1. In vacuo Debye scattering of the chain, one point per C-alpha: log10 I(q)/I(0) at q = 0.07, 0.14, 0.16 Å⁻¹?
2. Counting other beta carbons within 10 Å of each residue's own, what order do 28, 166, 218, 261 fall into, fewest first?
3. Take the chain, connect every pair of alpha-carbon atoms lying under 10 Å apart with a spring to form a Gaussian network, then pick out the residue of 222, 41, 157 with the largest mean-square fluctuation.
4. Would you kindly derive the ³J(HN,Hα) couplings of segment 131-139 from the backbone phi angles with the Karplus curve 6.51 cos²θ - 1.76 cosθ + 1.60 (θ = phi - 60°), listing them in order in whole Hz, with x for Gly and Pro?
5. What list do you get for 54, 170 if you sort them by fewest beta carbons within 10 Å?
6. Show me, for segment 238-250, the HN-Hα J-couplings you get by feeding each phi into the Karplus relation (A = 6.51, B = -1.76, C = 1.60, θ = phi - 60°), rounded to Hz, glycine and proline as x.
7. Which part of segment 168-203 falls in the paramagnetic zone of residue 155, meaning amide N under 12 Å from the point 7 Å along Cα-to-beta-carbon?
8. With point charges of +1 on the Cβ of Lys and Arg and -1 on the Cβ of Asp and Glu, referenced to the Cα centre of the chain, which listed residue (130, 104, 205) lies farthest in the positive direction of the dipole?
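Just so you know, all these numbers are worked out from the coordinates, no wet-lab data involved. All of these numbers come straight from a predicted model, not from anything done at the bench. Cβ: placed from backbone, ideal geometry, glycine included. Neighbour counts: every protein chain shown.
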Amino acid sequence: MAEEMSSESAPDFFVIPEPEKFVFKDAYVQSSLAKWDLAPSSKVYRFRFSKRYHKLAADEFLVDFFNNETVQKEFKVLNERREWAPIGPVTEVKCEIAPASIVSMDFFDRLQDSEPQIVKNGSIVKCMDMQYDGFMVSDLLRDMLVNEDSENAAMYSPEERSQLLYRILHHLALGGPMCQFEDELEPYTETAKRLYKGLVSVQKNASTGKVEITSVVYAVNSVTADLWSLFPKNNKQNFCFVCVDVLRRQCTVWYNAHFPYW
């Protein structure tokens, strides 16, 4: 990834208090994350930073971020002892950009138009129970998400699956180890919509009048650190999204580490 940082000194990071109407304080969102057993294993952090940077300089920015003294004190990961702990100094970060260009929930309409149909009259179609990568699959939505041989596996292209909105729905629908799954699609899409709107920033393009997402989102896959890994075990439900509002020089981090109970 190209690095085009400015010549300024390393950035300072400052903790930002959660706003009164912060999405992770939303009662609907909190209830959903608790029901799907994501609340115990996830944390949200918000920071303001002082340095201008180019969005293609992800590696340098993220190493600066994780090594900052304030971030080191605030940011905790779930370690192999099931404890929340600091990761220690970081020498390398592996990440990818999670595109955030989707501005409509119509993105998920095709779930009702699939063959076989994944969602029918708002309900998620059930299927025979199967295990894939440690996940119990009993409906066609989760079958599409984790089964590479699913009849609907190609419904979304690799580029679409990399989109932040798709990733959010994916993580919500798979949930934590004691997830209480939904029979209807709406709770997943409504929660995904609220989280998406809370994580990214938008502005109206003066020329076109269209709403555009201005945030850059990095999906951090791993770090090389002195104390702990970013995640205790390899799992599809591990994620660390660093959502950067370039204009306001703020970032929101949503972290989750999947730790099976057995």
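1. For the requested q values the scattering log ratios are -0.25, -1.03, -1.31.
2. Working: 28 12, 166 20, 218 24, 261 8.
Ranking 28, 166, 218, 261 by Cβ neighbours within 10 Å, fewest first, gives 261, 28, 166, 218.
3. 157
4. Residue by residue, segment 131-139 yields 9, 9, 6, x, 9, 7, 10, 10, 8 Hz.
5. On the way: 54 15, 170 21.
Ranking 54, 170 by Cβ neighbours within 10 Å, fewest first, gives 54, 170.
6. Values per residue, Gly and Pro as x: 6, 7, 9, 9, 9, 9, 9, 8, 5, 5, 8, 6, 10 Hz.
7. Output list for this probe position: 170, 185.
8. Toward the positive end, the furthest listed residue is 205.
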